[in-house]
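Each remark here refers to the structure printed beneath this line.
The values are calculated or read from the model by the stated rules, or taken from the named source; none is laboratory data. None of these values were measured; they are calculated from a predicted model. Glycine gets a Cβ as well: all are built from the backbone with ideal geometry, and neighbour counts include every protein chain shown.
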């Protein structure tokens, strides 16, 4: 494999991080390193059957374990780290989803506080057919079953936050974190602005698949064996997490109320497109108004996450500010060919 | 064409409706009627060049003219009207989009009131190439141009509201209205709950195309020649506007803040799927959480609109509560063949 | 009483209005008229005992009956009507409050849609001691009782809306309506911008008292005998309902989310104070930031209502743009002296 | 002074804390200790004249310095610390307020992102007359001046957060922090739930006065000499910061959107009153609906803060769950008498 630096890492139970920031790095890596990592599911692996209720088997705040943080050598505030997802593969042939009391979009919560009792707590175990690339839903209250496509993704990836903060791994914000967007799939590069020396990249929260908005608050949660390349882009700041695929530029916004998450994502994509294409802000506003796709990511977490995405083919004169995605795609191909 | 009742209607300037409710019907139609209608653009046709600023050429409240209302014979509160879009074709070879002072998602507004001055008022004229099915964006502040696909749709369709109300045609709510979703395209059936005798269906606000969220508040606005079939489903109520295509069931929610629009749409789709598939509500909650797509429609109007959509192929044991879409598709084929 | 024009009006059951707009005036009055009116409670008088559940005895949309509309002679769009509350007296020695399914701040609703069942429906009958000026709360589930001060007010007062609309009497918006603020008490003048000829003023929804925010959605509802003076201020527009007492200037904002209601009220008060005191907008921003009181009105209705109020004593060089409150106070004194 | 333990503490520049959590205690104190502390203003003392713009003289994230944290001996998760404010006195005869770019309620912000330029940056220096208890506003753009009452308070008081988090001192949340409520004045006891051993109490952000909502985002900021008593209530958890004065019980909620902050505060006060008075939840819901006062605290910070307060005189059969306020008032009297 020549020049590729490869590091394999599977955390021990004590090595998981439960926060972004506030944790010593588990390894130092030079930019361009390929990481082969294992990530545990958001339940820390404790929900294994229909009788494993989150409120009984999980122990707050030990939820959403992160693999990391990785210290990226040379990364300083004002730089950007690029995390390219080479592959994301379920490490088990099943995933779990649940209702969680006072959590989710169609229930009152601790913030949207009502006097109604919480919804019943239930667990769905989904069979994953890794060969046929399917997840099987089996209803609890009837015989119905259906197969949905397996579309593995990471709900959580991020860096240490700014402002001296340490944030729970359940929170999405400008540092990334628990954005829960199905766009975070293999083939995609995620750009994250660096807030502290070394950036301190972590990831976790594998989903066999999820719908847009993660309505009940919990996806098809599973452990993952994932391969990422972590690169460094010096001197380019990134205000909110951005994603790039072969076909799309995407920005994310995480905030409440949901219209603010929308505004952040659209505003950031507009600034990005304006800079890449040399368009005035008002011209970029007009073009995006007609061209943007706006799928929701999560409407259940501490902050809601909205995605704004636009086809590169719709962008006149697109240059690449980051100049990283194509290179990382090539690196990924090289890695996969050598494997 | 045998049994198809066809009515062609092009309003005179005085015949446009500016509200849902509060207006005598312009025609009475039996269920199943095919309507060939002309709709004017949201500017009432007054923005025709880059110098036609909305604040100068338009006259409030005479915005978003609606073609209708049509009185559907036999329609009573508790029923549903099905509006099937057979075809939606631009009636001109250009469309117009603008910024409007204190309107749009990336500006303060009369409700999100700030002390900052409004954004500059600008007009973009888009060329529509009806043969190549393209809309051409031309930047105002540089030479950039780009072609986007022509994807004609209606921003506004609805019935008279409940509760004795009359609402501006700029408002989306449970009666439909100005939802501004790109899903309202040819081939789709829109189900609307009837609130008053005759339902009083109107439509307008043609868009050559729009992005999801209609970020600046204005799509590529143009006049349309559209063909719809209006049908009646007796005894089935519809709480919020629903759409059905060959592949998808879709619910809409219109409210503020945006998370409430999301909740309404997801909740309504859940109830719909639960009834259609015989799933318990919690099973439907789980299935939709993993299967739903959640594109935004508008985040600029008086109420924001969120769409929840699920592939029919992902729904086990799907029956059809409305039993209308397939029939209307067939009617549309018949009509198109006879034309 | 010399120059005072006095009109007494008690509606028959058929004469109540259920909307703002959309209704022929019940009387034409010259500016300055004293109106002695009877208003029915928000339940249309149908909740009279603990067993009268709203869902059983009330008939939608026949809720919140309004006394009016009164056509104010000479009122045109761009003017302001001043409604001065001379006295507000309960017409009965009891009031009623209830929970209403899926309505209120501490329950999910049709917009904040969840899968939880609604709260139980209960009715509290409050004894009103008109002499001692007390309302007696008696708990339903224990023996507890407590007396709160009687502080009569009108939850609803408004004019016909703009934009050709007709709105349910349950809605608060720029035209006034169901603002549900305890500030709407005797001694206060309410300024409302005129949208249609004659303004079409109505009022209703008497409360023996209510807390700020009207948390469960329902105050101590009762019929009222109220005296108001309706005056006309030509050529002065009023964008949002404003109130003036001997000591305070107050603006209201009605919108969702609640921060927008707050922004509207603060922004409007800032503009008002800036104009009255000859302060720059930024100076008024600074002064109000330190001087404003911001009690909530309702956080349960279709729009939420926020109040921004500032002591006149804190306003340097205050002139009176409307020049009406002092005059109306004097007229009220004259009327009361003559009674 | 007999049994009173008194500790005086003025931080050096290096000793200020910029976060809640993440900082070693500056002192360990037994419950009941009287603390005489100096707090610096939110600008870290760097805004001293009209030309000291925040964007030029302040250094992010070194804003809102906190005095503390104090480790309360014996405090464990599940307990409550009671912070009683004995006296709050400006340490200077002037205070400063400013606009801050993209911060405040009547401007777009980083979350409510728009394309408009920020408001101008201005500084107002307020003279404080400590004898006459007045703050003098002087307009920048005209000659207007006015005196408002001096009403000193602390914008920020809190403990280390739960969930392993470290939060910026600019954030209000369940751990307290930057709530910015004028209710935090001398004579009041603030109850804070303990999340980590020792609780780690800090305070700062003195305001000579502020309006409700802190509209422009900045109060009349000044350094303070404050005296507090810090007490410990074992075995009683407190979910959200609560305040008690001689006349009122108060709960706070900090969240976005603002209606969630409202819901949290009202829900928490309801639970508190229900427990104190032996009322069922629905009876407490009804009583509070009619009795509650709902002033806003801030509508500008990372989370908005809403206060729900009810007169003790309106609460039938009130016992005191915390049993601390009366005792602390007595301790304060003792301390003040001995001084």
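Structure values in brief
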read-out	value
Filter result for residue C:251 (over 26 Å from residue D:257 (Cα atoms) and more than 9 Å from chain D (Cβ to nearest Cβ))	no
Qualifying residue in the range C:273-285 (condition: on the phi < 0 side of the Ramachandran plot, more than 11 Å from every other protein chain (Cβ to nearest Cβ) and assigned to a loop (DSSP other than H, G, I, E, B))	no
Subset of the range A:81-106 (residues that are surrounded by fewer than 19 Cβ atoms within 10 Å (Cβ to Cβ), touching a helix residue (DSSP H, G or I) at 6+ places or on another chain (Cβ under 8 Å) and in a strand (DSSP E or B))	A:87
Complete set of residues in the range C:287-321 that are surrounded by fewer than 21 Cβ atoms within 10 Å (Cβ to Cβ) and more than 30 Å from residue D:220 (Cβ to Cβ)	C:302
Test: residue D:149 is modelled with pLDDT of 95 or more, within 11 Å of chain C (Cβ to nearest Cβ), under 22 Å from residue C:294 (Cα atoms) and surrounded by fewer than 24 Cβ atoms within 10 Å (Cβ to Cβ)	yes
Any hit, the range B:32-54, residues being part of a helix (DSSP H, G or I) and over 20 Å from the mean Cα position of the chain (by Cα)	yes
Qualifying residue in the range B:56-70 (condition: buried (at least 21 other Cβ atoms within 10 Å of the Cβ), modelled with pLDDT of 95 or more, away from chain C (no Cβ under 14 Å) and under 19 Å from residue A:285 (Cα atoms))	no
Condition met for residue D:257 (closer than 30 Å to residue C:103 by Cα, more than 9 Å from chain C (Cβ to nearest Cβ) and either modelled with pLDDT of 95 or more or under 13 Å from the mean Cα position of the chain (by Cα) (or both))	no
The range A:10-31, residues that are buried (at least 16 other Cβ atoms within 10 Å of the Cβ) and not in a loop (DSSP other than H, G, I, E, B)	A:17, A:19, A:20, A:29
Residue check for residue D:163: surrounded by 23 or more Cβ atoms within 10 Å (Cβ to Cβ), at pLDDT 95 or above and assigned to a loop (DSSP other than H, G, I, E, B)	no
Residue among C:230, C:310, C:236 that alone is in a strand (DSSP E or B), touching a strand residue (DSSP E or B) at 6+ places or on another chain (Cβ under 6 Å), farther than 30 Å from residue C:108 by Cβ and more than 13 Å from every other protein chain (Cβ to nearest Cβ)	C:230
The range D:174-230: number of residues that are over 22 Å from residue D:54 (Cβ atoms) and in contact with a helix residue (DSSP H, G or I) (Cβ under 6 Å, 6 or more places away or on another chain)	2
Given (1) within 11 Å of chain B (Cβ to nearest Cβ); (2) surrounded by fewer than 23 Cβ atoms within 10 Å (Cβ to Cβ), index of the condition residue A:266 fails	(2)
Number of positions in the range D:88-102 that are under 14 Å from residue B:115 (Cα atoms) and away from chain A (no Cβ under 14 Å)	3
Subset of the range B:298-324 [under 26 Å from residue B:205 (Cβ atoms) and modelled with pLDDT under 95]	B:322, B:324
Residue in the range B:116-132 that is under 28 Å from residue B:244 (Cα atoms), touching a residue at least 12 places away in the same chain (Cβ under 8 Å) and in contact with a strand residue (DSSP E or B) (Cβ under 7 Å, 6 or more places away or on another chain) present	yes
Number of positions in the range A:315-330 that are over 18 Å from residue A:237 (Cβ atoms) and in contact with a helix residue (DSSP H, G or I) (Cβ under 7 Å, 6 or more places away or on another chain)	4
Positions within the range B:110-146 being surrounded by fewer than 19 Cβ atoms within 10 Å (Cβ to Cβ), more than 8 Å from chain A (Cβ to nearest Cβ) and assigned to a loop (DSSP other than H, G, I, E, B), in sequence order	B:110, B:116, B:117, B:118, B:121, B:130, B:131, B:132, B:133, B:143
Scan of the range A:23-65 for residues that are without any contact (Cβ under 8 Å) to a residue 24 or more places away in the chain and touching a helix residue (DSSP H, G or I) at 6+ places or on another chain (Cβ under 8 Å), ordered by number	A:46
